[in-house]
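> Sending over a structure as structure tokens; questions will come in a sec.
The values are calculated or read from the model by the stated rules, or taken from the named source; none is laboratory data. All values derive from a computational prediction rather than experimental measurement. Cβ: placed from backbone, ideal geometry, glycine included. Neighbour counts: every protein chain shown. Ligands, DNA and RNA are stripped out before the accessible areas are found, and what is left, the full protein with its side chains, is counted by its heavy atoms. Shrake-Rupley method; radii C 1.70, N 1.55, O 1.52, S 1.80 Å.
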Amino acid sequence: MFADFLKRLVDPGPERLPDADARLALCALLVRVARADETYDQSEQDRIDRIAAARYGLSPFEATRLRRDAEALEAEAPDTVRFTRAIKDAVAYEDRIAVIEALWQVALADGERDDEEDALLRLVSNLLGINDRDSALARQRVEAAR
């Protein structure tokens, strides 16, 4: 279903993604982080829906539909390294900082910091070109908002 999209996403020189594709790719990354600890619960799904609704001005129904599409994409997506590098090449830096903050919101949605999620967030931050300091600041903003 997403074969053409994935092919475009991981081409050697991807162009900037159209908004709809960027939304889907970034939500799939949120799903990947949520699934990192082998538990993908309702609180994480709800958090992804709220992030998508707020970030993209979607209704609850539209946000849920986007998350479900992102779940399917994430299941078919290549390894995290290729997937995030493609996003890095196609998404502006400011948007990548916001993505890291959203990823921390999902990782902390269940109220626990998990080693697997922490490790994946460090990897994703690095692959998206976000340094440890900026990622830590994003995490601190999320924790302070809770």
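> I need the full set of residues from segment 65-124 which are of a type in the set (F, W, Y) and over 18 Å from C27 (Cβ atoms), in order please.
Step one: filter segment 65-124 for residues of a type in the set (F, W, Y), giving 83, 93, 104.
Selection gives Y93 alone.
> So, one more: In this structure, does A72 turn out to be free of Cβ contacts under 8 Å to residues at least 40 places away in the same chain and either open to solvent by less than 10 Å² (accessible area, probe 1.4 Å) or within 14 Å of the chain's Cα centre (by Cα) (or both)?
Values: free of Cβ contacts under 8 Å to residues at least 40 places away in the same chain: no; either open to solvent by less than 10 Å² (accessible area, probe 1.4 Å) or within 14 Å of the chain's Cα centre (by Cα) (or both): yes.
In short, no.
> Right, another one. Only residues that are outside any helix (DSSP H, G or I) and among the polar types (S, T, N, Q): list them for segment 58-91, please. Steps first, answer last, please.
Going residue by residue through segment 58-91, those that are outside any helix (DSSP H, G or I) are 58-59, 77-79, 91.
Listed by number, the list holds a single entry, S59.
> Looking only at segment 104-115, count how many residues are closer than 16 Å to T84 by Cβ and of a type outside the set (A, V, I, L, M). Full working, then the answer.
Here is the first cut: in segment 104-115, the residues closer than 16 Å to T84 by Cβ are 104, 106-107.
With of a type outside the set (A, V, I, L, M) added as a condition, the list becomes 104.
Final tally of qualifying residues: 1.
> Return yes when R55 is among the charged types (D, E, K, R), crowded, with 16+ Cβ neighbours inside 10 Å, modelled with pLDDT of 90 or more and under 15 Å from W104 (Cβ atoms) and no when it is not. Break it down stepwise before answering.
Numbers: among the charged types (D, E, K, R): yes; crowded, with 16+ Cβ neighbours inside 10 Å: yes; modelled with pLDDT of 90 or more: no; under 15 Å from W104 (Cβ atoms): yes.
Taking the combined requirement at face value, the residue does not satisfy it.
> For segment 79-101, check the following and say yes or no: at least one residue is open to solvent by less than 60 Å² (accessible area, probe 1.4 Å), modelled with pLDDT of 90 or more, of a type in the set (S, T, N, Q) and within 13 Å of the chain's Cα centre (by Cα). Reasoning before the result, please.
Filtering segment 79-101 for residues open to solvent by less than 60 Å² (accessible area, probe 1.4 Å) gives 80-81, 83-84, 86-87, 90-92, 95-101.
Checking the rest, the ones that are also modelled with pLDDT of 90 or more come to 100-101.
Next, only the ones that are of a type in the set (S, T, N, Q) stay: none.
Taking every residue of segment 79-101 in turn, none turns out to be open to solvent by less than 60 Å² (accessible area, probe 1.4 Å), modelled with pLDDT of 90 or more, of a type in the set (S, T, N, Q) and within 13 Å of the chain's Cα centre (by Cα).
> Here's a follow-up. If the requirement is being open to solvent by 30 Å² or more (accessible area, probe 1.4 Å), out of contact with any strand residue (DSSP E or B) (no Cβ under 6 Å at 6 or more places or on another chain) and either of a type in the set (D, E) or touching a residue at least 12 places away in the same chain (Cβ under 8 Å) (or both), which of these qualifies: R65, R122?
R122
> Report yes if some residue within segment 92-102 is more than 24 Å from L127 (Cα to Cα), assigned to a helix (DSSP H, G or I) and of a type outside the set (V, I, T); otherwise report no.
Residues of segment 92-102 more than 24 Å from L127 (Cα to Cα): none.
Looking through segment 92-102, none of the residues is more than 24 Å from L127 (Cα to Cα), assigned to a helix (DSSP H, G or I) and of a type outside the set (V, I, T).
> Still on this structure: Of everything in segment 107-146, what is out of contact with any helix residue (DSSP H, G or I) (no Cβ under 9 Å at 6 or more places or on another chain) and of a type in the set (S, T, Y)? Give them in sequence order.
Answer for segment 107-146, where residues must be out of contact with any helix residue (DSSP H, G or I) (no Cβ under 9 Å at 6 or more places or on another chain) and of a type in the set (S, T, Y): there is none.
> Kindly list, by first and then second residue, each pair from a residue in segment 34-52 that is in contact (Cβ under 8 Å) with a residue 40 or more places away in the chain and more than 16 Å from R23 (Cβ to Cβ) to a residue that is buried (at least 21 other Cβ atoms within 10 Å of the Cβ) and acidic (D, E), limited to pairs with Cβ atoms under 8 Å and residues at least 6 apart or on different chains.
A34/E44; A36/E117; D37/E117
> Just to be sure before I move on: is D110 outside any helix (DSSP H, G or I) and either closer than 16 Å to E38 by Cα or open to solvent by 30 Å² or more (accessible area, probe 1.4 Å) (or both) in the structure I sent? Before you say what the answer is, go through the steps one by one.
Details: outside any helix (DSSP H, G or I): yes; either closer than 16 Å to E38 by Cα or open to solvent by 30 Å² or more (accessible area, probe 1.4 Å) (or both): yes.
For D110, the condition - outside any helix (DSSP H, G or I) and either closer than 16 Å to E38 by Cα or open to solvent by 30 Å² or more (accessible area, probe 1.4 Å) (or both) - is met.
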